[in-house]
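The values are calculated or read from the model by the stated rules, or taken from the named source; none is laboratory data. What you see is a predicted model; the values in this text were computed from it and never measured. All Cβ positions, even for glycine, are placed from backbone atoms using ideal geometry, and neighbour counts span all protein chains on display. Accessible surface areas use protein heavy atoms only, side chains included; no ligands, DNA or RNA. Shrake-Rupley method; radii C 1.70, N 1.55, O 1.52, S 1.80 Å.
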Amino acid sequence: MKRRSFLMGASALALGQLASGCGNRQSTALNVGLLQNSIPVQLLAEFRRTLESPVRLKFDPQAQLKDIYQNLRVWKRQSENPESSPGFSLPLISRKPPAIANLVTLGDYWLESAIGEQLIQPLELSTLPGWQQLPPRWQGIVRRNRQGQLDESGLIWGAPYRWGTVVIAYRRDKFEELGWTPTDWSDLWRPELRDRISLLDSPREVIGLTLKKLGFSYDTANLSQVPNLKTELLDLHKQVKLYSSDHYLEPLVLGDTWLAVGWSTDILSLRGRDRQIQAVIPRSGTSLWADVWVQPAVQKTAAESPEPETSQSLTQQWIDFCWRQQSAIDISLLSHAASPILVTLNPATLPDSLRQSEILLPEPSILEDSEFLYPLPQEAIEQYLELWQEIRTMQFV
């Protein structure tokens, strides 16, 4: 999974500059490594105003989730072997990893491996007002056992602060010529779209949408029990011009493809700049994803962080601040992804732009039929990969 913004805004520098001001000689009390563009800059200034006393804050934006995950691995490796040299082996291009953060952004899809590798530690959130307001579905995706598997009585390993979907994007001009517009996954198989589709380079997503089309769950563990799955995937493969998780939108912009399946954040960002791009959430449901705050297993030593209790308190304050109603609305308005808190609010209290966005806030029936990609048993993962490789190697004339 390589979810990222299609274009990176210039807000990265502003993020760090705005939040780190106030007392440069102080030890940083709260250091957050976050996915770029996932938190509005305005929210950071507002959070500072809520604090009772001035403290040094640092918010370090990262372009991709995989970069943040790599930082978690580097911090753990350094803690186990303090003499090890960070970065890559080539001295001229090695990079120094950022300072150990109190919190970082991670996608829910990464939680299983992060917990299994002991890169993150549980959070104490159950008494926070925001946690108690969080919908059970979003609580459930971060309650895990020590192996990273879902567990209703497990520890809390993350704090979901925004979420989105996988949607269908299409060119309005091309579909006006066809005389119809896509509404569900089954439309991807229509013959007029042969060699006109770009899909994510992800077996869970592509096999998952095919399962959905056939009336099965994204999280089906035994693919051998799904009739006609291989045939359906082969037919879909004939439709595809490109598989990519990084560059699936460029062909759509250029008109080389007419339809793309991708992450809602990417497509909402593009749609705001290209009037020809339209988007729809499939009516039978889709896959969901969430960005969550997690706490690195490695924390600063007492010498590096003179007031660890202050840092822990600020960590909880920041998480709960993100769950406040106004913060949730601001995140949803400005980051191309919805806060899970919005699901609990009366729609009449929301700005018109949120109420009217079917991509940010899908119809309740569609949301009910949509699914997070849950961890699968190893034997199921092998089934997915084997089928994926078989389909991808097929050649058609």
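Using a Cα-Cα cut-off of under 19 Å, which aspartates and glutamates could be cross-linked to residue 96, ignoring same-chain neighbours fewer than 8 residues away?
60, 67, 80, 83, 304
Which value, in Å³ per residue, describes the convex hull spanned by the Cα atoms of region 130-227?
Values: hull volume 16.1 nm³, N = 98.
Spelled out: Cα convex hull of region 130-227, divided by residues, is 164 Å³.
Would you please give the FRET efficiency between residue 256 and residue 283, computed as 1/(1 + (r/R0)^6) with r the Cβ-Cβ distance and R0 = 30 Å, to the nearest 0.05? Please list the in-between numbers first.
Working: r = 27 Å, r/R0 = 0.90.
The pair residue 256/residue 283 has a calculated efficiency of 0.65.
Give me the net charge for the shell around residue 203: Cβ to Cβ below 12 angstrom, other residues only, Lys and Arg +1, Asp and Glu -1. Working shown, then result.
Details: positive: 204, 392; negative: 201, 205, 382, 386, 390.
Charge balance near residue 203 sits at -3.
Obtain the nm distance between the two label points defined at residue 189 and residue 379 by a simple spin-label model: each point lies 7 Å from its Cα along the Cα-to-C-beta direction.
With each label placed 7 Å out from Cα toward Cβ, I get 2.8 nm.
So how compact is the chain: Cα radius of gyration and Dmax in angstrom?
Rg, Dmax (Cα atoms, Å): 21.7, 69.
Say the cut-off is 20 Å between C-alpha atoms; which of 174/213; 66/213; 174/241 go over it? Display every interim value, and only then the final one.
Working: 174/213 24 Å; 66/213 30 Å; 174/241 16 Å.
Distance filter (> 20 Å) returns 174/213; 66/213.
Considering amide H positions built from the backbone, and no H for Pro or chain starts, which residues 5 or more places from residue 287, or on another chain, come under 5 Å of its amide H?
166, 371
So with the 1.4 Å probe, I'd like the accessible area per residue for the chain, rounded to whole Å².
Numbers: 18030 Å² over 397 residues.
Averaged over the residues of the chain, the accessible area is 45 Å².
Which value at 222 nm does the chain reach when only helices count, each DSSP H run of 4 or more adding -39,500 (n - 2.57), with the total divided by all residues and rounded to the nearest 500 deg cm²/dmol? Don't skip to the answer; put the middle values down first.
On the way: 16 runs with 145 residues, N = 397.
When only DSSP H runs of four or more count, the value is -10500 deg cm²/dmol.
Summing +1 for each Lys or Arg and -1 for each Asp or Glu, what net charge is found among the other residues whose Cβ lies under 14 Å from the Cβ of residue 131?
Surrounding charge for residue 131 is +1.
List the relative contact order of the chain as a percent without decimals, with contacts defined as Cα pairs under 8 Å and 6+ residues apart.
After rounding, I find 24 percent.
Using a 10 Å cut-off on Cβ atoms, rank the peptides 157-166, 312-321 from the highest mean neighbour count down.
157-166, 312-321
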